Each structure stands twice: as C-alpha cells, then as structure tokens.
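The values are calculated or read from the model by the stated rules, or taken from the named source; none is laboratory data. Quantities reported herein were computed from a predicted structural model and do not represent experimental measurements. Note that each Cβ is placed from the backbone with ideal geometry, even for glycine, and that neighbours are counted across all protein chains shown.
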Ligand SMILES: [Fe+2]
C-alpha cells in the first residue's frame with residue numbers, strides 16, 4: 001500500500017497537470033490527513049493507516065476531474081501552504097489570484113510590432129579608445145564569440161549591443177539610454193580613463209538621476225541605475241532618443257503606427273513634444289522635437305526585430321523606401337516619412353530583422369565589471385541582465 005508521502009506527491013502531480021480540480025485536490029489532501037494550512041513541509045498524520053485515493057489506485061477520472069462514480073463531497077478549504085516547497089503552490093498566490101478573479105489590464109502586455117531594439121551601430125576610428133570607453137569605463141562586455149578582431153567590436157549591454165566597426169566616427173543625433181547595475185562604481189571607472197582619453201571628445205557629468213558620458217567621438221550615453229522606470233532591466237539599452245525638427249513628432253508617430261505596425265503616440269513633457277514608439281519589452285524609440293540645428297546624417301544605424309515582417313516591407317516598398325534586401329530575414333530602410341504627405345521627416349537607418357533571424361534572442365555574456373585581481377570574488381564573474389519583479 002502506498003505511503004502518504006507518495007499519495008501526496010501523486011496528488012500534486014495530478015493537480016499540477018490539471019487532471020484534478022482545485023476542490024478535488026483539497027478534498028483528497030484533507031482525507032489523507034495532509035495539513036494544507038500548516039507551515040513547513042507537508043504535515044501528514046501518522047495515526048491513520050496509509051490512505052489510498054483515486055489517483056494512487058489509478059482509478060479513472062471523469063471529464064469533470066471527479067473520480068468516476070464518486071458522490072459529490074463538500075469542498076475543502078483551499079488554504080495551501082508549506083506542502084511542497086514549490087512556491088507557486090505553497091504560497092497559494094496563484095490560486096488566490098485565480099479565485100479572486102482580479103481584473104488585469106491586459107493591454108499593458110502588448111508590444112505592438114517591434115519586439116526588440118537590439119543594437120546601435122556607430123563606426124569608430126580607434127578600437128583601443130573605444131575599448132577604454134565602452135569596456136573599461138562603462139563596464140560593458142566585449143562579445144567573445146563574434147567580431148573578435150580589430151576591424152569591429154560588438155559590445156554586450158544585457159540583451160542588447162553596441163556595434164562598433166572601425167571607420168570614420170559616426171554620432172547618433174541624440175543620445176542612447178543605458179541601465180547599469182553598479183551605477184555607484186561608474187564615476188570612478190569614468191575618471192580612470194580620463195587621462196588616456198584626453199584630447200578626444202570624452203566627457204562625463206553627473207546629472208539629476210543619471211550620468212551622461214560622452215564617447216571619444218561625441219556619442220552621448222545616458223547611464224541610469226536600475227529603477228521602477230526600467231522594470232526588470234538591470235543592464236540594458238532601454239531607449240534611443242533622437243532629436244528631430246520641430247513639427248515632425250505627429251508624422252513620425254503616424255509612420256511607426258501605420259507603416260511599421262508599432263505602438264506609437266505623440267506625447268508632451270516639460271521639454272516639449274516627442275514621438276514615443278514601443279521598441280520591445282521596456283524599450284522605446286523617442287523622437288524629440290528641438291529647435292537646435294540637427295547635424296547631417298552620417299549612416300549610423302539601429303537594429304530592430306519585428307513580428308509582422310512582410311506587412312511593413314510591403315508598405316515601405318510601395319513608397320520606395322527599402323534600400324537594402326539584405327537576406328531572407330533582414331531588410332533596411334532609413335527615411336521616416338509622413339504617410340499622409342510622403343515628406344521625409346527624419347533619417348535613421350533601420351536594420352529590420354524577422355523573429356526567424358538566426359540571431360534573435362541570441363544569449364549574450366555579461367561580466368561583472370567590479371571583479372578585479374585585488375578583490376576577486378569567486379562565483380561573481382557574471383551579471384544578470386534582469387531581476388525578478390515581485
Ligand atoms: Fe547592424
């Protein structure tokens with residue numbers, strides 16, 4: 001005859017697989033004397049003989065989850081804690097939420113068509129200086145698998161990357177947001193490269209809530225500590241903000257919404273109007289109107305993954321905007337036009353990839369930049385890009 005522990009495990013398996021209902025599970029647990037209200041591991045009465053249940057006997061279950069031929073029994077209380085060590089069951093939070101029939105705002109889970117902003121690509125004339133800035137000062141990680149020679153460097157930032165091929169310096173017309181977990185160590189790291197980068201455009205300033213660091217060729221990176229604003233992201237690239245001519249935000253919003261199928265809206269804050277485009281989970285493209293002169297475009301680019309790959313391709317092609325059919329999984333465009341007028345509002349090359357692209361969700365290695373030979377901590381070489389949100 002089966003032990004009670006065995007019966008409990010069988011019941012849990014059946015319950016987890018959805019074979020038995022909540023009520024039947026509670027009832028069976030009550031019948032065999034398993035304490036569903038106590039703390040710690042299952043408290044099974046030892047005064048009773050080992051119980052048998054419909055599950056351990058292999059008795060057929062009716063479609064409604066009740067043992068075939070069984071008479072209805074009153075429902076047992078559904079407080080379950082400390083039985084299995086499995087938080088999803090022991091904590092009872094999931095069951096409690098299900099019973100309470102909470103009203104979730106399901107729309108907050110929507111992403112629209114752009115599912116990920118993956119990299120920002122700017123060419124750099126000097127890989128040694130780029131290494132000092134992106135790796136040593138910012139604390140990011142060189143991709144150990146791809147582009148490992150002096151002609152190009154891919155730099156991991158959580159699940160995103162900077163791509164830095166060697167070439168004439170390119171500068172994003174705006175700035176790139178980066179979330180960095182060891183924000184408190186950043187000023188020290190930035191100061192350490194100041195001398196080596198003297199004579200370049202390198203600079204750094206602490207502002208209200210972020211540090212703005214300028215790369216040796218003028219790219220502005222705005223670095224933030226993890227916070228509620230960035231959700232679970234501890235290390236990553238949450239947004240790129242472009243500076244665009246006055247009066248273009250509405251047309252840019254229409255472009256991303258109507259042509260790219262993205263979530264987009266024109267918003268206004270203390271600094272003025274901007275188009276806000278969802279570009280992944282916790283990621284955005286911002287296009288902020290400015291009166292300042294905008295430099296000529298120098299061919300830097302960004303890469304996005306989209307779900308509906310062919311729809312935007314068709315609409316872009318109709319307007320003559322596709323300039324490169326890279327391969328089966330990728331095409332490129334660079335002009336953002338107002339769909340109502342066809343007027344070019346801003347230019348930024350988009351490397352558009354499908355979710356079948358072989359590099360989609362490619363795992364990226366991220367190091368812990370606070371490791372050093374003087375205070376090496378075993379087991380702490382790697383960083384996670386995200387933290388659980390509870
Ligand atoms: Fe690229």
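Among residues belonging to the range 351-379 that are closer than 22 Å to residue 312 by Cβ and more than 16 Å from the ligand (Cβ to nearest atom), point out the one that is surrounded by the most Cβ atoms within 10 Å (Cβ to Cβ).
355
Tell me whether the range 252-261 contains one or more residues that are closer than 30 Å to residue 134 by Cα and modelled with pLDDT of 95 or more. Write out each step before concluding.
Let us first name the residues in the range 252-261 that are closer than 30 Å to residue 134 by Cα, namely none.
Checked against the condition, which is being closer than 30 Å to residue 134 by Cα and modelled with pLDDT of 95 or more, the range 252-261 yields no hits at all.
Do we have any residue at all in the range 309-326 that's surrounded by 14 or more Cβ atoms within 10 Å (Cβ to Cβ), within 16 Å of the ligand (Cβ to nearest atom) and either modelled with pLDDT under 95 or under 30 Å from residue 230 (Cβ atoms) (or both)?
The answer is no, given that none of the residues of the range 309-326 is surrounded by 14 or more Cβ atoms within 10 Å (Cβ to Cβ), within 16 Å of the ligand (Cβ to nearest atom) and either modelled with pLDDT under 95 or under 30 Å from residue 230 (Cβ atoms) (or both).
Please pick out the residue among 186, 197, 190 that is free of Cβ contacts under 8 Å to residues at least 60 places away in the same chain and over 24 Å from the mean Cα position of the chain (by Cα). Step through it out loud before you land on a result.
Values: 186 fails: over 24 Å from the mean Cα position of the chain (by Cα); 197 fails: free of Cβ contacts under 8 Å to residues at least 60 places away in the same chain.
Unique residue meeting the criteria: 190.
Yes/no matrix, rows are residues, columns are (1) closer than 30 Å to residue 139 by Cβ; (2) assigned by TED's automatic domain parsing to the domain that holds residue 182; (3) touching a residue at least 60 places away in the same chain (Cβ under 8 Å); (4) within 26 Å of the chain's Cα centre (by Cα):
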residue: 231; (1), (2), (3), (4): yes, yes, yes, yes
residue: 235; (1), (2), (3), (4): yes, yes, yes, yes
residue: 266; (1), (2), (3), (4): no, yes, no, yes
residue: 272; (1), (2), (3), (4): no, yes, no, no
residue: 287; (1), (2), (3), (4): yes, yes, no, yes
residue: 318; (1), (2), (3), (4): no, yes, no, no
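If residue 332 passes every condition in (1) in contact (Cβ under 8 Å) with a residue 40 or more places away in the chain; (2) assigned to a strand (DSSP E or B) but one, which one does it miss?
Of (1) in contact (Cβ under 8 Å) with a residue 40 or more places away in the chain; (2) assigned to a strand (DSSP E or B), only one is false for residue 332: (1).
Within the range 151-180, can you find the residues that are within 14 Å of the ligand (Cβ to nearest atom), surrounded by fewer than 19 Cβ atoms within 10 Å (Cβ to Cβ) and part of a loop (DSSP other than H, G, I, E, B)?
Once the filter is applied, which keeps residues that are within 14 Å of the ligand (Cβ to nearest atom), surrounded by fewer than 19 Cβ atoms within 10 Å (Cβ to Cβ) and part of a loop (DSSP other than H, G, I, E, B), the range 151-180 yields only 167.
Quickly run through the range 121-150 and pick out the residues that are part of a helix (DSSP H, G or I) and without any contact (Cβ under 8 Å) to a residue 40 or more places away in the chain. Please lay out each step first, then the result.
Within the range 121-150, the subset part of a helix (DSSP H, G or I) is 127-137.
Selection gives 127, 128, 131, 135.
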